[in-house]
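Report on the following structure.
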Amino acid sequence: MCVISCFKTVPSIEDLEDMTEQNPHGNGFSIRTKENKIEFFKGRNLSPEKILEIIKNYGFNQGDRVEFVFHARITSHGATCKESVCDFENPNINHVCGCHGFIISKDMVNPQRATIQDDKTVILYHNGTMDFSKLKEYAKKIIEIRTKHGSDIGLDEKNLVSDTHALSFVVANLGLEFFRKFAEKETSSKFCLHSLKNGVERFNGFQE
């Protein structure tokens, strides 16, 4: 089972190691910087030591208050990324990364590294398992409708790498109100949204 944690202060190395040892298939995090940007990273080589190094480079030290979301993955849906291609320091745009989070995007974008400076971009994190086939069916219908209206030629639900990636695409098209209702029904899953506008929003409870 994957794990999401929201930290209000800079985590210790022990906090991160505890989560990554049990969930060894890739890590991701987002942090609001002192310049009021959200910096986002994910990858197989994103170790606890590297995460704390990045946090320190943004001017935060142990015990400082911080808005920080961390996800450690163990594979349920989708493939386990190979460390050789899942490198947050040298992102490969052709690598379909299964690590969390996922930027909610109408274009199925799935970057390993992003700087967010607008109020509209939202990152989705998820812990649990959802019906991947059903979410891909939603995505297929959305693609058909949008293609019929003359856009999105080339999008394919087969390019969705996991249940969470599929949900991020569906939510991008149907809106955050759809997500809130979906999360209420998906009680076996835990969710987190991170954005400049609303900060960290948690659904169905998880460790803080």
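Worth a mention:
- Here the Karplus curve 6.51 cos²θ - 1.76 cosθ + 1.60, taken at θ = phi - 60°, turns the phi angles of region 154-160 into couplings of x, 5, 8, 4, 5, 7, 6 Hz, with x standing for Gly and Pro.
- Two-site FRET efficiency, Leu176 against Ser133, from Cβ-Cβ distance with R₀ of 25 Å, rounded to 0.05: 0.60
- For Thr115, the accessible surface of its heavy atoms amounts to roughly 70 Å² (probe 1.4 Å, protein chains only, rounded to the nearest 10).
- Coarse-grained scattering of region 1-48 at q = 0.13, 0.15, 0.26, 0.31 Å⁻¹, given as base-10 log I(q)/I(0) from a Debye sum over alpha-carbon atoms: -0.32, -0.42, -1.13, -1.35
- Within a Gaussian network of the chain (alpha carbon springs, distance under 10 Å), most fluctuating of Leu176, Leu46, Leu135: Leu176
- Cross-link pairs beyond the 32 Å C-alpha cut-off, checked among Lys106/Lys185; Lys8/Lys185; Lys42/Lys106; Lys8/Lys120; Lys136/Lys197; Lys56/Lys181: Lys56/Lys181
- Counting only Cα atoms, the chain measures 52, 35, 32 Å along its principal axes, largest extent leading.
- Restricting region 34-98 to GluC sites (Glu not before Pro) in coil, as DSSP defines it, with at most 16 other Cβ within 10 Å: Glu35, Glu83, Glu89
- Note on Met108: accessible area is roughly 20 Å² with a 1.4 Å probe, heavy atoms of protein only.
- Gain on full extension, evaluated as 0.36 nm per residue between Glu14 and Glu89 minus their Cα-Cα distance, stands at 24.7 nm.
- The calculated FRET efficiency for Ile153 paired with Asn198, based on their beta-carbon distance and R0 = 25 Å, is about 0.15.
- Note on region 101-175: the C-alpha convex hull projects to 5.3 nm² when averaged across all orientations.
- FRET E, pair Arg146, Asn45, Förster distance 30 Å, beta-carbon r, rounded to 0.05: 0.25
The values are calculated or read from the model by the stated rules, or taken from the named source; none is laboratory data. No experiment lies behind these values; they were computed from the predicted model shown. As a convention, Cβ positions derive from the backbone with ideal geometry for all residues, glycine included, and neighbour counts pool all protein chains shown. Protein only, heavy atoms only, side chains kept; ligands, DNA and RNA dropped before computing areas. Shrake-Rupley method; radii C 1.70, N 1.55, O 1.52, S 1.80 Å.
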